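What follows is a single structure, written as structure tokens, with notes after it.
The values are calculated or read from the model by the stated rules, or taken from the named source; none is laboratory data. As the structure is a computational prediction, the values presented were derived from the model and not from experiment. So basically every Cβ, Gly included, is an ideal-geometry build from the backbone, and we count neighbours across all protein chains shown.
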Amino acid sequence: MLGHLYGWGYNGDGELGDLSLASKSAPVLVSGPVSTSWAAVAAGFWHTLGITTQGRLYAWGYNTNGQLGDTTTVLKSSPALVSG
């Protein structure tokens, strides 16, 4: 569906954004905020960034070095709003 975001593959650090840490061999829906429509996505090796059609930036996955930009160093298995 238009605006929906799916991921699959390795997920040991939550980079698929489906509220789990289990790897997936088939596409799973990213668990974003209710009624979220995604405009763009960038996938890193251990984390993912997504921009909504409303212009909000979200990040999820590995975060030990603060790469998600949410002012924490805790991994996120679902999209977290990037502030700032």
> Which one of these does Ser20 not meet: (1) of a type outside the set (Phe, Trp, Tyr); (2) closer than 17 Å to Ser77 by Cβ; (3) at pLDDT below 95?
Replying inline: (3)
>> If I ask for residues that are free of Cβ contacts under 8 Å to residues at least 12 places away in the same chain, more than 20 Å from Asp70 (Cα to Cα) and either surrounded by 13 or more Cβ atoms within 10 Å (Cβ to Cβ) or of a type in the set (A, V, I, L, M) (or both), which ones from the stretch 1-59 would you list?
In response: Met1, Ala22
> Can we say Gly14 is touching an Asp or Glu at 6+ places or on another chain (Cβ under 6 Å), among the small types (Gly, Ala, Ser) and at pLDDT 95 or above?
Replying inline: no
